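Okay, so here's the structure we're looking at.
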Amino acid sequence: MSYVIEGKTGPWEIVVGLEVHAQVISQSKLFSGASTKFGGDPNTQVSLVDAAFPGMLPVINKECVAQAIRTGLGLNAQINLFSRFDRKNYFYADLPQGYQISQFEHPIIGKGSIEIELQSGETRQIGITRLHLEQDAGKLLHDQDPTKSFVDLNRAGVALMEIVSEPDIREPEEAGAYLRKLRQILRYLGTCDGNMEEGSMRADVNVSVRKAGEPFRTRCEIKNVNSIRFVMQAIEVEATRQIEIWENGGEVDQETRLFDPGRGETRTMRSKEDAHDYRYFPDPDLLPLVVEQAWVDELKSKLPELPDAKRARFQKDYGIPSYDAGVLVAEQAVADFYETVAKGRDGKLAASWVIGDLFAALNRTSNTIETSPVSAASLGKMLDLIADGTINGKIAKEVFEDMVETGDSPDAIVERKGLRQVTDTGVIDAAIAAILEKHADKVAEYRGGKDKLFGFFVGQVMKETKGKANPALVNSALKAQLDG
Amino acid sequence: MLTGLTLTKAREGLAARKFSARELAKAQLDAIARLNPVLNAYITVLPEETVLAAADAADARYAAGTAGLMDGLPIGVKDLFCTKGVRTTAASKMLENFVPPYESTVTANLLKAGAVFLGKTNLDEFAMGSANITSAFGPVASPWKRKDDPSATLVPGGSSGGSSAAVAAGLGLAATGTDTGGSIRQPAAYCGIVGLKPTYGRCSRWGTIAFASSLDQAGPMTRCVADAGLMLEAMAGFDEKDSTCSNRPVPAFSKAVGKSVKGLRVGIPTEYRSPNLPAEVVAMWEQGIAWLKEAGCEIVDVSLPHTKYGLTTYYIIAPAECSSNLARYDGIRFGIRKDAPTLDGVYEATRAAGFGAEVRNRILMGTYVLSAGYYDAYYLKAQKVRTLIKRDFEQAFENVDVLLTPTAPSAAFAQGENMDDPVQMYLNDIFTVPASMAGVPALSVPVGLNGNGLPLGLQVIGKHFDEETVLSIGGALEAAAGFTHLPSVHAGAGA
């Protein structure tokens with residue numbers, strides 16, 4: 001056991017479970033045909049169903065169900081062929097129906113798990129309790145008027161997956177690793193864009209503390225934390241607060257809290273006494289959701305390769321180390337880029353170019369892999385030029401920088417700049433002759449036993465040929481002339 | 001007398017060009033103008049030019065030979081169906097100025113069949129009631145009078161009381177109703193007309209203001225059984241906008257009437273023979289049994305052991321669903337709004353001002369039975385009992401084709417009677433609720449008058465999606481009963 005917080009009374013262990021709300025990628029909302037696009041003018045993507053007009057009825061969107069099943073498959077989870085929608089009743093201005101349609105008793109996805117990897121390289125399994133589908137609420141705008149709040153229903157009714165973990169997390173780093181891994185899987189599956197800044201992925205964090213070997217103590221739920229960093233901070237801050245209470249002879253109250261990253265503290269949002277009674281009951285407007293195993297199988301057969309499998313394959317197929325493979329599969333787009341470059345080429349060399357030069361260039365030019373000025377095909381072509389001896393590794397750096405700048409193809413750059421490697425032995429011999437003549441004194445020293453000067457001659461010849469000479473040819477010819 | 005026609009007769013007359021749809025519509029509008037101030041059957045009457053324009057269009061289709069099933073037939077629409085551009089109130093102050101930008105599927109189907117809408121009929125607020133006394137637009141008066149006390153204003157039944165009163169009194173040839181626990185059948189029985197609650201899922205619920213989603217079902221209220229078949233044919237059909245709507249084909253229901261009922265097995269639920277049932281209701285029931293025997297039916301005693309829990313179960317499930325369905329009336333997006341300094345204040349003020357006492361009762365009951373700590377004892381148990389009630393019907397229907405019962409335990413009562421005790425009022429639904437709980441079709445047919453000159457109805461309950469047999473049996477009862485009585489107040493009287 002590793003992570004503990006030292007209190008006055010000794011070490012405390014923390015126990016964390018996460019509830020992640022992940023907005024489903026779909027054209028239309030969970031129960032209506034309205035668009036789900038982000039960033040539309042307020043209330044322009046609202047159907048009569050979303051606004052809960054009298055007599056309006058929900059109709060399940062099959063694509064959202066497919067996305068939930070894909071996610072369940074990606075989490076190695078139980079797919080429940082029978083699930084049901086319930087109403088969660090409460091009043092709020094962003095909730096037009098006066099209830100949220102959710103899945104309470106019979107979620108579509110049951111138990112699963114996620115493998116996380118820590119900085120130390122150690123891996124752990126974090127259990128998934130369940131995943132269910134539910135509607136998102138609208139948004140309240142409080143800053144438009146001094147006395148009134150405004151309601152934007154564009155988001156109301158968009159499908160969410162609530163993904164609940166087991167209380168398996170024992171340190172902030174694990175929570176971070178869990179969220180990153182979950183986000184990575186969702187992105188690979190194309191079921192959620194995982195964008196926490198836009199709110200398409202949000203986390204509720206359940207935290208409690210205990211002494212080693214104890215059963216669970218009372219937990220608090222920290223609502224709607226919107227970045228991985230804040231989740232990790234909130235856990236530490238909240239655990240510390242609870243330890244202080246226990247150690248001072250107090251009792252932690254089960255309540256819902258909010259994390260204030262500015263002040264680095266959590267504070268009460270709702271106490272247990274104020275907890276809503278949601279009066280869940282099966283939504284009589286919807287039939288139970290029954291899916292066929294054959295459909296699940298079909299979705300499964302079309303599932304993309306997931307990060308863990310891809311990482312293992314990259315190591316095996318391209319002979320790259322685990323760490324590099326991990327970096328390359330972190331994002332699907334990078335993995336695809338890498339694979340386009342590496343396929344049929346030197347996988348290690350491809351990895352070093354992508355992780356090294358390409359990432360540096362993207363960083364420097366504020367680009368992402370999607371907007372990379374150098375395409376995977378171009379980078380591959382450049383590796384081909386190295387492989388077939390058209391350019392050498394040093395010239396390749398120059399060609400690459402030109403590619404970043406101009407977006408031109410490597411062959412065009414090589415032609416334009418006349419960077420083709422010199423393999424003509426006549427030219428090389430002539431350059432060597434010139435250099436040896438110019439540095440007759442050094443030749444004498446070399447022949448007198450100062451072997452180290454060989455490097456100097458290579459450098460001078462390369463300089464003479466503007467770096468274009470084939471280094472291997474220069475080496476052998478020089479050796480022949482000096483030693484021969 | 002153009003106001004006294006059945007849909008079937010009117011359709012024949014229009015097809016034969018004996019009269020125009022315009023004349024037919026005008027006659028109804030005149031009757032409404034004359035009698036609605038007395039009956040209060042309509043909350044909203046459509047402008048004459050709107051109605052007549054629709055009638056003219058129907059006339060043009062008759063001339064062109066393209067007339068639909070309901071073409072040119074002037075009818076009332078219960079004010080629970082959203083009608084595009086026409087105020088739809090659910091008889092609630094909450095929606096007193098609500099004009100939907102959409103047309104409910106059922107009314108859209110009727111318009112497509114050529115029906116001419118006269119206006120929106122009164123009802124109990126949000127369809128909650130059995131006497132049409134909870135409407136925010138005032139109670140509906142039954143057109144019928146007691147022989148022994150003609151001065152008493154009787155109730156037309158509820159919740160579709162505006163529809164039943166209008167059809168009985170000649171303020172429209174037929175009307176739509178909705179039935180959650182008896183809201184079509186009981187007012188039909190009280191007003192001496194025919195009312196059919198179809199199988200749950202036969203008509204789309206889309207655009208009909210919800211009371212209790214798992215029970216609500218639209219149906220026709222008409223002057224004869226054949227009309228009920230005709231009108232249901234126009235109303236019904238698959239609608240992808242309602243997940244609970246059936247995709248079964250819609251049979252030619254009107255053709256089911258007049259079919260021989262010989263050899264059909266009619267079940268008599270023994271549990272319905274309550275010693276508290278008034279003798280004249282029992283007598284009417286016995287008479288119905290005798291008529292069906294004469295028509296060649298076989299009469300069989302059947303048991304529906306859980307039926308005695310029907311009403312209590314209903315008064316858990318329906319309010320539970322209602323408490324949730326009515327949460328959307330919060331003053332934020334449509335309907336009335338009462339401002340207050342806080343959001344909760346807006347909800348409280350708006351809902352206190354918008355909902356009447358009965359609706360508030362049911363919201364409170366429903367909220368209670370769904371609450372933490374009570375859910376298992378009430379809602380969950382009620383759902384289990386509901387399953388048992390359904391099973392009772394399924395088992396009974398293994399041996400019989402239909403069931404025959406009284407529609408209501410009494411004839412219509414007067415406004416003010418039964419009103420202090422809500423439970424007494426709820427007992428009106430004792431015979432109608434079980435079929436609602438089971439989702440099976442049920443029809444009320446007027447078969448005679450009681451000693452006080454008031455109509456009594458018998459209820460025919462059928463198998464899931466077997467409205468045809470229900471209509472056949474209903475037709476046989478109708479033929480045997482020969483019910484032609486008219487209420488004291490009707491468009492043809494003293495005119």
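Just so it is clear, none of the values below were taken in a lab; they were calculated from the coordinates. Remember, it's a predicted structure, so these values are computed and weren't measured experimentally. Methodologically, a virtual Cβ is constructed for each residue, glycine included, from the backbone with ideal geometry; neighbour enumeration extends over all protein chains shown.
Structure notes:
- Residue-averaged 222 nm ellipticity for chain A, from DSSP H runs of 4+ at -39500 (n - 2.57), nearest 500: -11500 deg cm²/dmol
- Averaging the sequence gap over all C-alpha pairs within less than 8 Å and six or more residues apart, then dividing by the number of residues, gives chain A a relative contact order of 13 percent.
- For the protein assembly as shown, diffusion coefficient by Stokes-Einstein and Kirkwood Rh (Cα), 37 °C, 0.692 mPa s, µm²/s: 98 µm²/s
- Relative to the 2.2 N^0.38 Å rule of thumb, chain B has a C-alpha radius of gyration ratio of 0.91.
- Linear extension gain, A:S476 paired with A:T406, 0.36 nm per residue minus alpha-carbon span: 21.6 nm
- Note on B:K308 and B:S260: their simple-model spin labels are 4.1 nm apart, each label 7 Å out from Cα toward Cβ.
- Size of electric dipole in the protein assembly as shown: Cβ of Lys, Arg +1 and of Asp, Glu -1, about Cα centre, debye, nearest 20: 1260 debye
- Averaging Cα coordinates gives a centre for region A:1-67 and one for region B:176-202; these two points are 42 Å apart.
- Normalising the Debye intensity of region B:149-196 to I(0), with uniform scatterers on Cα atoms only, and taking log10 at q = 0.29 Å⁻¹ returns -1.01.
- Note on A:K394/A:L258: beta-carbon distance plugged into 1/(1 + (r/R0)^6) with R0 of 51 Å gives a FRET efficiency of 0.35.
- Computed FRET value (nearest 0.05) for A:D451 with A:N226, which takes r as the C-beta separation and R₀ as 45 Å: 0.10
- Cα gyration tensor shape for region A:1-141, rounded if a/c is under 1.5, else prolate or oblate: prolate
- Percentage of interatomic Cα-Cα distances in region A:5-297 larger than 30 Å: 34 percent
- Neighbour count of at most 15 Cβ within 10 Å plus DSSP loop: longest GluC sites (Glu not before Pro)-free window in chain B: B:1-239
- Model label points for A:E198 and B:A53, set 7 angstrom from Cα along the Cα-to-Cβ axis, are 4.5 nm apart.
- Hydrodynamic radius of region A:1-54 per Kirkwood, over alpha carbon pairs, in Å: 15.6 Å
- Separation of alpha-carbon centers, region A:170-240 and region B:230-248, rounded to whole Å: 47 Å
- Among B:N428, A:G389, A:V46 the positive-end extreme of the charge dipole of the protein assembly as shown (Cβ point charges): B:N428
- Relative contact order, whole percent, for region A:84-224 stands at 16, derived from Cα pairs under 8 Å and 6 or more residues apart.
- Electrostatic dipole magnitude of chain B [Cβ: Lys, Arg +1; Asp, Glu -1; Cα centre; debye, to 20]: 540 debye
- Full extension of the chain between A:T44 and A:A433 gives 132.2 nm of extra length, using 0.36 nm per residue less the Cα-Cα distance.
- Model label zone, A:S149; criterion: amide N under 17 Å from point 7 Å along Cα-to-beta-carbon; scope region A:28-63: A:43
- Its relative contact order, with pairs defined as Cα atoms under 8 Å and 6+ residues apart, puts region B:7-264 at 18 percent.
- Equivalent ellipsoid of region B:7-264: semi-axes from √(5λ) of the C-alpha gyration tensor, largest first, are 24, 22, 20 Å.
- With only Cα atoms counted, region A:305-417 has Rg and Dmax values of 13.7, 43 Å.
- Helical mean residue ellipticity (222 nm; -39500 (n - 2.57) per DSSP H run of 4+; nearest 500) of chain B: -11000 deg cm²/dmol
- Selected from A:Y323, A:T371, A:G344, residue furthest toward positive end of dipole (region A:305-417; charges at beta carbon): A:Y323
- Relative to the current alpha-carbon distance between B:T270 and B:A414, full extension at 0.36 nm per residue lengthens the span by 48.9 nm.
- Inter-label distance, nm, simple model (7 Å from Cα along the C-beta direction), A:N76/A:T371: 3.8 nm
- The residues packed around A:I79, meaning those with a beta-carbon under 14 Å from its beta-carbon, carry a net charge of +1 if Lys and Arg are +1 and Asp and Glu are -1.
- Whole-number Å³ per residue for the convex hull built on Cα positions in region B:426-495: 124 Å³
- Whole-Hz Karplus values for region B:372-379 come out as 4, x, 10, 3, 5, 6, 10, 5 Hz, taken residue by residue from phi with 6.51 cos²θ - 1.76 cosθ + 1.60 and θ = phi - 60°; glycine and proline positions read x.
- GluC sites (Glu not before Pro) restricted to region A:199-282 and DSSP loop, no more than 14 other C-beta within 10 Å: A:E251
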